[in-house]
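The values are calculated or read from the model by the stated rules, or taken from the named source; none is laboratory data. Worth saying up front: this structure is predicted, and the values here are computed from it rather than measured. Neighbour counts run over all protein chains shown; Cβ positions are idealised from the backbone, glycine included. When the accessible area is computed, the model is the full protein with side chains, heavy atoms only, and any ligands, DNA or RNA have been set aside. Shrake-Rupley method; radii C 1.70, N 1.55, O 1.52, S 1.80 Å.
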Amino acid sequence: MAEAKTADMNITDEVAIHINAMHKWYGEFHVLKDINLTVHRGERIVICGPSGSGKSTMIRCINRLEEHQQGDIFVDGIELTNDLKNIDAIRREVGMVFQHFNLFPHLTVLENCVLAPIWVRKTPRKEAEEAAMHFLERVKIPEQAMKYPGQLSGGQQQRVAIARSLCMNPAIMLFDEPTSALDPEMISEVLDTMIDLAESGMTMLCVTHEMGFARKVANRVIFMDGGQIIEQNEPEEFFNNPQSERTKLFLSQILHH
Amino acid sequence: MSKESIAYVRTELHPTLPPPASAVGPVHWIRMNLFSTWYYGVGTVVSAYLIAWLAWEIFDWAILTAVWHAKDFQDCLERYVGEPVGACWGFVDARFDQFMYGPYDPASYWRPNLTGILLIIGLLPVMFDKIPGRKITGPLMIFVFPWVATALLHGPIEMTTLQSTIGIVITLVLAVGGLFLGFRGRQQYNPGQAMLGFGITYAIAVMYFLAFGFGLDVIGTNKFGGFMLTLVLSAVAIGVSLPLGIVLALGRRANNMPLIQMLCIGFIELIRSVPLITVLFMAQFMLPLFLPEGVDFDNLIRALVGMSLFSSAYMAEVVRGGLQAIPKGQFEAADALGLNYNMSMRLVVLPQALKIVIPNIVSTFIGLFKDTTLVSIIGLLDLLLTMKQSVTSTQWLGMEHTGYIFVGSIYLVCCFGMSRYSIYLEKKLHTGHKR
Ligand SMILES: Nc1ncnc2c1ncn2[C@@H]1O[C@H](COP(=O)(O)OP(=O)(O)OP(=O)(O)O)[C@@H](O)[C@H]1O
Ligand SMILES: [Mg+2]
């Protein structure tokens, strides 16, 4: 057995996300087929798979950026339905980091970070700013607080986006290919931030093709293809001993080129 | 051997130098921009000559040969004066009050003046960052100024509801009930209820205020005229069209509310496909058909409704253009952070969308400002019509040039001012390139 990662001690029995027989269609197109997934609090899950396999769609269903048509999703025990109250409650618990950062370009870095705490959580501005500075320090860019996103590098913007999500004190963080729009030399600064976050015990679902990150941080790797979960396993097993032919093919494509 | 010639390592870093003198400074600028080739040089000389000639002609007409004091047209025409005559500023001087206020009661000129001063004092902090007080004057301009202006310009408005005891009792009960509802909504964090409650109370307070105003004499809207009328028309139309346009644009994009969407599309497309003159005529003749009998709006209100609706439809399309330019990721990020629809529109989407379309918004305002001249067709005495009437009076026959140039310059100054302000605003809101 591989020696346990320090972060593994954070995993509890508490269920953070429960997805049960979930299906989704885009019009006639059946994107997600029979997704079943239970995520425990403190787990760090990496999701990989070929382009178009439905990875983004799946994690976007968790905070209702996309609507599912069949099956159930529970986040923190709250069922995701059309009830706006539930959706709002879930979005307050779930932070999301996007491939293209999606910072608000008309606001400074600090304003980006305090916007949701002030308006959604009704935190007093001063308190929100202190918290924001704390998280900006954690992602190592407190000195950029007064700049606008357009004045930062891609890596810096993505770290701001992470800090912005953290300012809402989410219980769960979703990452959708957070490093794939970045130049190689900026990838590691963002990954370092994510590793730091994982070590603090955050529940994370992360779509990424950074296999080094997966080996180091994940306690579970999920492989998707054709809108289905094909295989999931602990990272060592997943990479060294993949079971499905599709997984083998996918791994051979991304690991040796 | 060949390998050695490729390899190169810089051992000392090159220092940063200022740009060479020939790349900066006025001489360089003139060389580069005005005389870069011989034909550019010729062009520059010819244009410079034309500009100088034009400037001289204007100067000669407006200053050197201008008549500054005149009692009638005889003082301003060459055939009576005996020498070439330029502008007849005496005419403008004599008629200045009419141009500014139309048939408004001269003893009450202070009322529009005060309104104008209040407008400027209220708007300056909102328009320019450097002037403090925006947080105070902004809401005042929205919620108080329109009614103060009405009370100042027009005087009290007759409210039949407030003339009977029942009416007074009902309105007072409603006002108190509204306050109660409002405070309860605030306590229970129910913004919808709070807004409704305070809204009712506010509406009734406005009603009472309009009924009594400042106790000034009533000056009917048929006495509004001149530049003042132009300003009233454009200020109201601008003030209504921006918020209404935003609401219509948002409604047009509300895919999850098909009925509202259809209403908005219908309104926008209907109004946009009809000429403004037709809208004005319709407002004049058709508005009464939709209103209950006995409710009668005067001409000015009809024109205001017509112009406001017309410009709102255009504004809606301008704003929609801006909304479409906002990437989907912005909406998603706002959603993911838990902002609700109102917040995400107000805090994230609209500030960016409106910034993109500032030039178009200002173009719409400028168009609107000039289109106010069309109200002369339904008999309102705006600046242009006032001037036209002045030059047909027997005292000032033949004063068209001066009159039109004077009126034209007023429009020019106002529109140019708006255009410059739009550039200032764009620069101010520029926050580095988007990514
Ligand atoms: N809004 C949409 N309407 C219709 N089809 C869509 C829509 N969004 C995605 N799809 C389709 O759904 C499938 C899954 O898309 P998704 O974005 O989840 O893939 P992905 O696994 O994230 O791929 P990638 O690695 O390229 O990001 C794709 O075939 C895509 O074409
Ligand atoms: Mg994707």
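Quick notes
- Separation between Cα centres of region A:180-257 and region B:350-405, rounded to whole Å: 66 Å
- A cut-off under 14 angstrom between Cβ atoms defines the neighbours of B:Lys388, and their net charge, with Lys, Arg +1 and Asp, Glu -1, is -1.
- Region B:44-74 and region B:412-427: distance between their alpha carbon centers, rounded to Å: 26 Å
- Screening chain B for whole DSSP H helices with an alpha carbon extent of at least 30 angstrom along the helix axis and a mean Kyte-Doolittle hydropathy of at least -0.5 yields B:38-59, B:165-187, B:191-212, B:226-252, B:299-324, B:400-429.
- Debye-sum result for region A:118-257 in log10 I(q)/I(0), which assumes one identical scatterer on each alpha carbon, at q = 0.13, 0.18 Å⁻¹: -0.66, -1.06
- Protein-only accessible surface order, largest first, of B:Trp68, B:Trp396, B:Trp38 at 1.4 Å: B:Trp38, B:Trp68, B:Trp396
- Relative to the longest principal axis of the Cα atoms of chain A, helix A:84-93 runs at roughly 80 degrees.
- Per-residue ellipticity at 222 nm, computed for chain B from helices alone with -39500 (n - 2.57) per DSSP H run of at least four residues, works out to -21500 deg cm²/dmol.
- With 18 Å as the limit, the listed pairs A:Lys55/A:Lys85; A:Lys24/A:Lys85; B:Lys130/B:Lys370; A:Lys147/B:Lys427; A:Lys85/A:Lys126; A:Lys33/A:Lys55 have A:Lys55/A:Lys85; A:Lys24/A:Lys85; B:Lys130/B:Lys370; A:Lys85/A:Lys126 beyond it between alpha carbons.
- Take the Cα of B:Glu426, step 7 Å toward its Cβ, do the same at A:Ser188, and the gap between the two points is 4.4 nm.
- Whole-number accessible area per residue in Å² for the protein assembly as shown, which is evaluated in the context of all protein chains at 1.4 Å: 54 Å²
- Treating r as the C-beta distance of A:Lys33 and B:Leu270 and R0 as 41 Å, the FRET efficiency rounds to 0.30.
- Residue with peak Gaussian network fluctuation, chain B [Cα springs, cutoff 10 Å], from B:Arg134, B:Arg346, B:Arg111: B:Arg346
- A Stokes-Einstein calculation at 20 °C with viscosity 1.002 mPa s, built on the Kirkwood radius of region B:289-418 over Cα pairs, returns a diffusion coefficient of 117 µm²/s.
- Counting 0.36 nm for each residue step from B:Phe214 to B:Thr278 and taking away their Cα separation leaves a gain of 19.4 nm.
- Between the C-alpha center of region A:20-40 and that of region B:239-283 there is a gap of 40 Å.
- Once the Cα atoms are used to define both axes, helix A:154-166 deviates from the longest principal axis of chain A by about 90 degrees.
- Computed FRET value (nearest 0.05) for B:Ile168 with B:Phe285, which takes r as the C-beta separation and R₀ as 41 Å: 0.70
- Accessible surface of the protein assembly as shown [probe 1.4 Å, protein heavy atoms]: carbon and sulfur percent: 63 percent
- All Cα pairs of the protein assembly as shown, percent lying beyond 45 Å: 44 percent
- Taking amide H as placed 1.01 Å from N in the peptide plane, A:Ile230 has its amide H under 5 Å from the amide H of A:Phe223, A:Met224, A:Asp225, each at least 5 places away in sequence or on another chain.
- For chain B, taking a cut-off of 4.7 Å between Cβ atoms, the unpaired cysteines are B:Cys264, B:Cys414, B:Cys415.
- Comparing each chain alone with all protein chains together (probe 1.4 Å, DNA, RNA and ligands left out), the residues of region B:395-435 losing at least 50 Å² of accessible area are B:Thr431, B:Arg435.
- Sum of side-chain charges, A:Phe98 neighbourhood, beta-carbon under 9 Å (Lys, Arg +1; Asp, Glu -1): -3
- Each label was represented as a point 7 Å from its Cα along the Cα-to-Cβ direction; for B:Ser5 and B:Ser393 these points are 9.2 nm apart.
- MRE, 222 nm, helices only [DSSP H, n ≥ 4, -39500 (n - 2.57), over chain A, to nearest 500]: -11000 deg cm²/dmol
- Buried surface between chains A and B: roughly 2200 Å² of accessible area, summed over both sides, computed with a 1.4 Å probe on protein heavy atoms only.
- Calculated on the alpha-carbon coordinates, the convex hull of chain A measures out at 137 cubic angstrom per residue.
- Among residues other than B:Leu250 with Cβ under 14 Å from its Cβ, the summed charge is +3 (Lys and Arg +1, Asp and Glu -1).
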